[in-house]
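Down below is the structure, laid out as structure tokens.
The values are calculated or read from the model by the stated rules, or taken from the named source; none is laboratory data. Being a predicted model, the structure only gives us computed values, none of them experimental. Note: ideal-geometry Cβ built from the backbone for every residue, glycine included; neighbour counts use all protein chains shown.
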């Protein structure tokens, strides 16, 4: 049918044929442009497309704001992080967070994302609310998946192998089962990058390499759960030492720059850890390792983990990697140094992290391993990533051997494909084991049946990739492996959605009483007042609350609203002040006095020594301003904090502020008439309150708080940053000198290392030794 004005055929068979022709022409244009693009650009485009597809399939509802993780995700991980970045920021760090537990220093909770740049970046783009926090979690998964790809390519594994590693790591258990524990989930995202930086494959001579390495290590230290940080010290040391022993890189190419980068990163973390240590001490918050093991946990390698007959908390029990992971690992070539080092590193992680072993008691004696209650979970990321590395090496081995076999038809030496009777038996045992565990364990038939089928399909694909009858279809067969991995990962993730994806509207209503956006909108622009407002509470005041009681309530709303509460979820366990406050609320003898004292608006009250004042004294103080032997009038309050009171003391006495004591408080007493101000010594009272001794007279008392050690911390940070800048400048100058002499050595790039070459397939051709084989290549660039 022809449009009367334009004469264009807009329908019917002729129009359809013309439309199809235009579509084919457009496809040929796009395909030609892609094929003409440099290999690196094509590879980056493929990776970007795969990551975007995985993010959409998995986290689309995070991005739209429909869902987010539950449980601890609505705690200090996001609520306190909002307040820290809203009230201050990187260059004006919050000294005091007044919202819960009588207030506490801004860095004493090591899990509040202080100085963590990804959260700061999200805050710059808009308020770091629950929706933004969920989006950032999804981006961490993408970052970790890309890290697995970059790690594999840095080790000269072929793109197909690296792409499989990307998909496998995108669905690693911790991103989903631990989605509510942001520092555990983030550890999975940082791990591939940290292991790359600490390996001999990090290109330290590149001008950008020192700064990027320090940035990665610095932010990984700030973003990772403390227990996993301790595990990283043990496993990371194993990783570094084994590489040094097997590869024997020169000290100036590996250990020396790594030590310098690590030292600079540690200096830069001083902004958080120095004042935190000085304010809270080195108390251990854990109650000992509570990890357990049973044979049913083997099923979580492939299947759902929702059944509560499986040991451990639901967030800590899964060992999942997509179905192709273990099947591909069966093809690993143990002659490759990467495979040997990775396997040995994984073995150390298993030995240190496995619960219920005969040597668990000895492991518990190692320094730092008493920090976490979940030692199994702390070492699990390393074990899972080692499996991913071995799977990628296995696929790369298939491709390397197959290309050598195909080249052999043209007269080049033939290397057999890595398929033998032992591998076939191993694959068969793997599939049968999965089926038996699935049938015998607490797993749904639809779940274990589908995953076992995908495991069998993965094994078949990998076997077919080794067979000569599919020489022309190798790319299709190997390309199907990451597709199977994605299907397996999606089935597993959506098979147990509760730990990582629940309705945002519902959970915000339950936890915060209203949509978080509305709560933030109601927050006053200025929280200053004549007197600090009274605090609220969530747990009943007539019972002895447990830690679970006081951490399992909706008081986190105050971080968004600007209100104040006594109880609520802020991870202060192990700090003496928190333990004292909680103990006073649990003790029948002190509970009434403690609740009256902490719920009251800001006050200064005379006390009997360091004990909490009687509830009746506190109530009279609030109502009449007669606070024991003192007459008190509030003057001003600022949450910075600064609390000012006019106090008339007829005699010298001990006085208590109903603010929590931490090192860093300063109380200044200025006489009402003429005279010099004096700084009063402060200490902790029996209930965790701020206490000082006040001389007789009429005084204006001003209590302020400053983070201890911040001056030294900023100096350490500046030293670390200056070191990075100076190192980068030296590296740039060295690169320019090498570039000036590069014409005399055409076989090297500007770094002075062998320049990588690309073969006709678009994959890296080996240079020097064949990748991971320790053998020289032949003249065609293939392993001999």
* **Criterion (in the same structural domain as residue 402 (by TED's automatic domain parsing) and at pLDDT below 95) met by exactly one of 272, 375, 340** => 375
* **residue 141 crowded, with 24+ Cβ neighbours inside 10 Å and either in the same structural domain as residue 72 (by TED's automatic domain parsing) or not in a helix (DSSP H, G or I) (or both)** => yes
* Does the range 330-374 hold any residues that are closer than 30 Å to residue 401 by Cα and in a loop (DSSP other than H, G, I, E, B), and which are they? -> 330, 331, 332, 333, 334, 335, 336
* State whether one or more residues within the range 436-447 are part of a helix (DSSP H, G or I), at pLDDT below 95 and surrounded by 14 or more Cβ atoms within 10 Å (Cβ to Cβ). => yes
* **Criterion (modelled with pLDDT of 50 or more and within 26 Å of residue 247 (Cβ to Cβ)) met by exactly one of 754, 744, 749, 759** => 749
* Would you check if residue 209 is at pLDDT 95 or above and farther than 28 Å from residue 245 by Cβ? => no
* Asked: In this structure, does residue 387 turn out to be assigned to a helix (DSSP H, G or I), farther than 22 Å from residue 288 by Cβ and in contact with a helix residue (DSSP H, G or I) (Cβ under 6 Å, 6 or more places away or on another chain)?
  -> yes
* Tell me, yes or no, whether the range 124-133 has at least one residue that is touching a residue at least 60 places away in the same chain (Cβ under 8 Å), surrounded by fewer than 24 Cβ atoms within 10 Å (Cβ to Cβ), in contact with a strand residue (DSSP E or B) (Cβ under 6 Å, 6 or more places away or on another chain) and assigned to a loop (DSSP other than H, G, I, E, B). => no
* Being buried (at least 21 other Cβ atoms within 10 Å of the Cβ), in contact with a helix residue (DSSP H, G or I) (Cβ under 7 Å, 6 or more places away or on another chain) and outside any helix (DSSP H, G or I), is that true of even one residue in the range 271-286? -> no
* **Where residue 107 falls short, out of the listed (1) touching a residue at least 40 places away in the same chain (Cβ under 8 Å); (2) in the same structural domain as residue 390 (by TED's automatic domain parsing)** => (2)
* Asked: Which one of the conditions (1) over 30 Å from residue 487 (Cβ atoms); (2) touching a helix residue (DSSP H, G or I) at 6+ places or on another chain (Cβ under 9 Å) does residue 322 fail to meet, given that it meets all the rest?
  -> (1)
* Asked: Taking into account only those residues within the range 154-198 that are assigned to a loop (DSSP other than H, G, I, E, B) and under 19 Å from the mean Cα position of the chain (by Cα), which is farthest from residue 338 (Cα to Cα)?
  -> 180
* Somewhere in the range 619-628, is a residue modelled with pLDDT of 95 or more and more than 21 Å from residue 700 (Cα to Cα)? -> yes
* Residue by residue through the range 675-691, note down the ones that are crowded, with 21+ Cβ neighbours inside 10 Å and without any contact (Cβ under 8 Å) to a residue 40 or more places away in the chain. => 690
* Asked: Which residue pairs have Cβ atoms under 6 Å apart, sit 6 or more places apart or on different chains, and have a first residue in the range 203-218 that is over 20 Å from residue 719 (Cβ atoms) and a second that is outside any loop (DSSP other than H, G, I, E, B)?
  -> 203/209; 204/257; 207/731; 207/732; 207/735
* Conditions (1) surrounded by fewer than 24 Cβ atoms within 10 Å (Cβ to Cβ); (2) at pLDDT 95 or above: number failed by residue 294 -> (2)
* Please state which of the following conditions residue 259 fails to meet, knowing it meets all the rest: (1) free of Cβ contacts under 8 Å to residues at least 60 places away in the same chain; (2) in contact with a helix residue (DSSP H, G or I) (Cβ under 8 Å, 6 or more places away or on another chain). => (2)
* Structure fact -> By residue number, the members of the range 502-514 that are in contact with a helix residue (DSSP H, G or I) (Cβ under 7 Å, 6 or more places away or on another chain) and within 21 Å of residue 182 (Cα to Cα) are 504, 507, 508, 511, 512
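Every residue, every condition in (1) under 24 Å from the mean Cα position of the chain (by Cα); (2) buried (at least 17 other Cβ atoms within 10 Å of the Cβ); (3) assigned to a helix (DSSP H, G or I), yes or no:
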{"position": "229", "(1), (2), (3)": "yes, yes, yes"}
{"position": "236", "(1), (2), (3)": "yes, yes, yes"}
{"position": "244", "(1), (2), (3)": "no, no, yes"}
{"position": "259", "(1), (2), (3)": "yes, no, yes"}
{"position": "289", "(1), (2), (3)": "yes, yes, no"}
{"position": "304", "(1), (2), (3)": "yes, yes, no"}
{"position": "321", "(1), (2), (3)": "yes, yes, no"}
